[in-house]
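K.L.:
One structure is given below, represented as structure tokens, and several questions about it will come after.
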Amino acid sequence: MTISSKLPNVGTTIFTVMSKLASDYGAINLSQGFPGFNCDPHLLDLVAKYMNKGFNQYAPMSGVPVLKQRLAEKTKLVYGVDYHAEEEVTIVSGATEAIFSAVTAVVREGDEVILLEPAYDSYAPAVILNGGIPIYIPLSLPDFSVDWEKVKSAINPKTRLIMVNTPHNPTGYVWSQEDVNMLASLIHDTDIYVVSDEVYEHISFDGRTHISLMTHPVLKDRTFVCGSFGKTFHVTGWKIGYCLAPKELTAEFRKIHQFVTFSTATPLQYALAEYLEVPGNYLSIPDFYQKKRDLFCEGLKGTPFQFVPAQGSFFQLVSYGHLSQESDFDLAVRLTKEIGVASIPISVFFNEKTDHKILRFCFAKEDSELKRALDKLQNSKLFP
């Protein structure tokens, strides 16, 4: 029997490809976006505590009540926005699941969904699997800001959803208040929904404030805000995230969520609930990552790459078009094999694989590992 693929153009993700290549060649893996260090030992102790207390069976479908309450309290503290813990907060098995369930809740056959590219690779498949049509709008170089005229021109009666990511992966761009206001002005009198991927909400630099879409009243009423405890607390392998949305949207979201993963690991939820009682555990994150970004960027000055320090996320882009016309994929592979440092070619984040001669490095690693990678990049002949 022959399967007619629903995603015929999708293969193994670039993250898997580059991580395997790094492993095969013993390279320093600055490709896949996961922290290269452990979380706070106290958080691990809390998980053990709740496991030993017997919190090891299914959690409620929407999340354990105490974690939803703590998350609502955190949201009020950080953003000044109220969400009803029971009716508008849902705990899920990773932000990717939140994004998929949100898209599935609102997108129907033939609906158009605006994607700002370069875009994280799960967005388009979620749209396509639900019968939607991705409409790709390129971000503006060199800073990868939003071209709002292009967004406006793409909106039509078929537009059902706009997908937003701030701080942005892979570019590190952080939305301004003007960006948030522009989006609101474009869709305030439409039936367009928004999925806002805010997994790097606590990772912005140089005094920038992450402006969540929930803080604008027009957007709050129509937005699924997707977040990640894994990204915030260095536990990506736990695959635990959340979705904040108005009551009516949450009801539809949960109809999907209950048949995707149903519930999320119980002891992890209780541990995170207790960990959230101390705001410093998340309010200290920007300073922690800015030190790593600064260390990495200082070292990049000794390489031939051109770059502008990332505004947020834990990724740094570098440009090499002034030195070579080698494709970004070929260069990423060559640097992994020959230099011993793995990165991600950002052409993979474009629908048409547009090659701007830019690589993405992840600096969420131990300082010693970053220094070793920088030494390789500084002291090797990167280009002919």
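K.L.:
Please indicate, with yes or no, whether at least one residue in region 349-365 is under 17 Å from the mean Cα position of the chain (by Cα) and closer than 12 Å to residue 205 by Cβ.
P.N.:
Yes: one or more hits.
K.L.:
Got a sec? Which of 154, 124, 119 is under 20 Å from residue 317 (Cβ atoms) and among the hydrophobic types (A, V, I, L, M, F, W, C)?
P.N.:
119
K.L.:
If residue 374 satisfies all but one of (1) under 29 Å from residue 39 (Cα atoms); (2) crowded, with 17+ Cβ neighbours inside 10 Å; (3) under 22 Å from the mean Cα position of the chain (by Cα), what's the number of the condition it fails?
P.N.:
(3)
K.L.:
Next question, about the same structure. Look through region 365-384, keep the residues that are modelled with pLDDT of 95 or more and of a type in the set (Lys, Arg), and return whichever of them is farthest from residue 295 (Cα to Cα).
P.N.:
376
K.L.:
Here are 192, 137, 114: which of them is touching a strand residue (DSSP E or B) at 6+ places or on another chain (Cβ under 6 Å) and touching a residue at least 40 places away in the same chain (Cβ under 8 Å)?
P.N.:
Checking each option against the conditions leaves just 114.
K.L.:
Right, residue 136: modelled with pLDDT of 95 or more and part of a strand (DSSP E or B) or not?
P.N.:
yes
K.L.:
Do we find that residue 381 is out of contact with any helix residue (DSSP H, G or I) (no Cβ under 8 Å at 6 or more places or on another chain) and either crowded, with 20+ Cβ neighbours inside 10 Å or farther than 20 Å from residue 199 by Cα (or both) in this structure?
P.N.:
Considered against the rule, which asks whether it is out of contact with any helix residue (DSSP H, G or I) (no Cβ under 8 Å at 6 or more places or on another chain) and either crowded, with 20+ Cβ neighbours inside 10 Å or farther than 20 Å from residue 199 by Cα (or both), residue 381 comes out as yes.
K.L.:
While we're here: Scan the helices (runs of 4 or more DSSP H) fully inside region 1-118 and keep the ones with 2 or more residues being surrounded by fewer than 20 Cβ atoms within 10 Å (Cβ to Cβ).
P.N.:
Once the helices (runs of 4 or more DSSP H) in region 1-118 are filtered for at least 2 residues that are surrounded by fewer than 20 Cβ atoms within 10 Å (Cβ to Cβ), what remains is 14-25, 41-52, 65-79, 85-88.
K.L.:
Here's another thing I want to ask about it. Do the conditions hold for residue 178, that is, is it in a helix (DSSP H, G or I), without any contact (Cβ under 8 Å) to a residue 12 or more places away in the chain and over 23 Å from residue 290 (Cα atoms)?
P.N.:
Yes.
K.L.:
Do we find that residue 364 is in the same structural domain as residue 105 (by TED's automatic domain parsing) and in contact (Cβ under 8 Å) with a residue 60 or more places away in the chain in this structure?
P.N.:
So residue 364 fails the test.
K.L.:
Going through region 12-51 one residue at a time, which ones are of a type in the set (S, T, N, Q) and either within 22 Å of the chain's Cα centre (by Cα) or on the phi > 0 side of the Ramachandran plot (or both)?
P.N.:
Once the filter is applied, which keeps residues that are of a type in the set (S, T, N, Q) and either within 22 Å of the chain's Cα centre (by Cα) or on the phi > 0 side of the Ramachandran plot (or both), region 12-51 yields 12, 13, 16, 19, 29, 31, 32, 38.
K.L.:
State yes or no: is residue 4 assigned by TED's automatic domain parsing to the domain that holds residue 339 and polar (S, T, N, Q)?
P.N.:
Judged against the criteria, residue 4 is not a match.
K.L.:
Only one residue in 121, 197 is at pLDDT below 95 and within 27 Å of residue 230 (Cβ to Cβ). Which one?
P.N.:
121
The values are calculated or read from the model by the stated rules, or taken from the named source; none is laboratory data. A quick note: this is a predicted structure, and the numbers were derived from the prediction, not measured. FYI the Cβ positions are ideal-geometry reconstructions off the backbone, even for glycines, and counts take in every protein chain you see.
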